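First up is the structure itself, then whatever we jot down about it.
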Amino acid sequence: PLTWRLGARPLDHSPEVRVRELVQLALVAQEEGAQPPRFRLKPALVQQVAYDSLSFAGRRRLHHRLAAHLEEMHSAEPEPLYETLAHHYRLSGDSPKTLFYSLKAGDKARQVFAHREAQEYYRLCLSTLRRLGGPVGQPSSYILERIGDCHEASGHHREAAQAFSSALRAWSAAARGAPALPSALPDLGVGVSPRDRESLLRCKVGISWERN
């Protein structure tokens, strides 16, 4: 603890005094006008050292507590925090939540034409699906299709065709009438028959190769 004696006064270990001492040492900055008062670590190295001093399990618990708190506080309008929630749930090891919010963050980025960022979130979805285990052919097909859509919209038609082909292979490999999609992905493939889905992907593959 960063405390010291001033003259003959005894040490005061209260949180308020410790924070003031950190401010005096220029390790912590107080945000102006914030009520209640808010503080942040100044040097990035100090922040990293403080973070690294936590145990791995402790870090995961804190990330999950923070994500759950933000999720509850912004339950009425979570969209601005999709990226933050995906980040903290990933570091907490909560795969279902990571899958849900990384998909939401990817879709959000794709809607504003941030295709590179969208693809990063979709790839996070794919890696999280693999960690979850179970039947992943159908859900991974929908995510690969989104990656293909990003490539296509960016004019990368060869990469789009390859992603659509991977989506088609994943779809074809999954048995017809396979188990339902994971609960973390409730809005994928609603109302689409297997035959229509296969036709759509084949059409996308052909269009992308033609444009290429």
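Being within 17 Å of ARG123 (Cβ to Cβ) and in contact with a Ser or Thr (Cβ under 8 Å, 6 or more places away or on another chain) is not true of ALA105. Name, by its number, the condition in (1) buried (at least 21 other Cβ atoms within 10 Å of the Cβ); (2) in contact with a Lys or Arg (Cβ under 9 Å, 6 or more places away or on another chain); (3) within 17 Å of TYR142 (Cβ to Cβ) that does not hold for PHE100. That leaves (2) as the condition not met.
Of the numbered conditions (1) out of contact with any Asp or Glu (no Cβ under 8 Å at 6 or more places or on another chain); (2) within 25 Å of ARG130 (Cα to Cα); (3) surrounded by 12 or more Cβ atoms within 10 Å (Cβ to Cβ), LYS42 satisfies every one except a single condition; which is it? In the conditions (1) out of contact with any Asp or Glu (no Cβ under 8 Å at 6 or more places or on another chain); (2) within 25 Å of ARG130 (Cα to Cα); (3) surrounded by 12 or more Cβ atoms within 10 Å (Cβ to Cβ), LYS42 misses (2) alone. Only residues that are open to solvent by 20 Å² or more (accessible area, probe 1.4 Å), farther than 16 Å from ASP94 by Cβ, within 13 Å of the chain's Cα centre (by Cα) and of a type in the set (A, V, I, L, M, F, W, C) were counted across segment 116-146, and they come to 1. Just one residue in the set SER199, SER172 is closer than 16 Å to PRO139 by Cβ, surrounded by fewer than 18 Cβ atoms within 10 Å (Cβ to Cβ) and modelled with pLDDT of 70 or more; that residue is SER172. Any residue at all in segment 48-63 that is more than 24 Å from PRO139 (Cβ to Cβ), in contact with a strand residue (DSSP E or B) (Cβ under 9 Å, 6 or more places away or on another chain), modelled with pLDDT under 95 and open to solvent by less than 70 Å² (accessible area, probe 1.4 Å)? Checking segment 48-63: at least one residue is more than 24 Å from PRO139 (Cβ to Cβ), in contact with a strand residue (DSSP E or B) (Cβ under 9 Å, 6 or more places away or on another chain), modelled with pLDDT under 95 and open to solvent by less than 70 Å² (accessible area, probe 1.4 Å).
Among the residues of segment 70-83, the ones that are over 14 Å from GLY106 (Cβ atoms) and open to solvent by less than 50 Å² (accessible area, probe 1.4 Å) come to 4 in all.
The values are calculated or read from the model by the stated rules, or taken from the named source; none is laboratory data. Since we're looking at a predicted model, the values are computed, not measured. So basically every Cβ, Gly included, is an ideal-geometry build from the backbone, and we count neighbours across all protein chains shown. Just the protein is used for accessible areas: all its heavy atoms, side chains included, with ligands, DNA and RNA removed. Shrake-Rupley method; radii C 1.70, N 1.55, O 1.52, S 1.80 Å.
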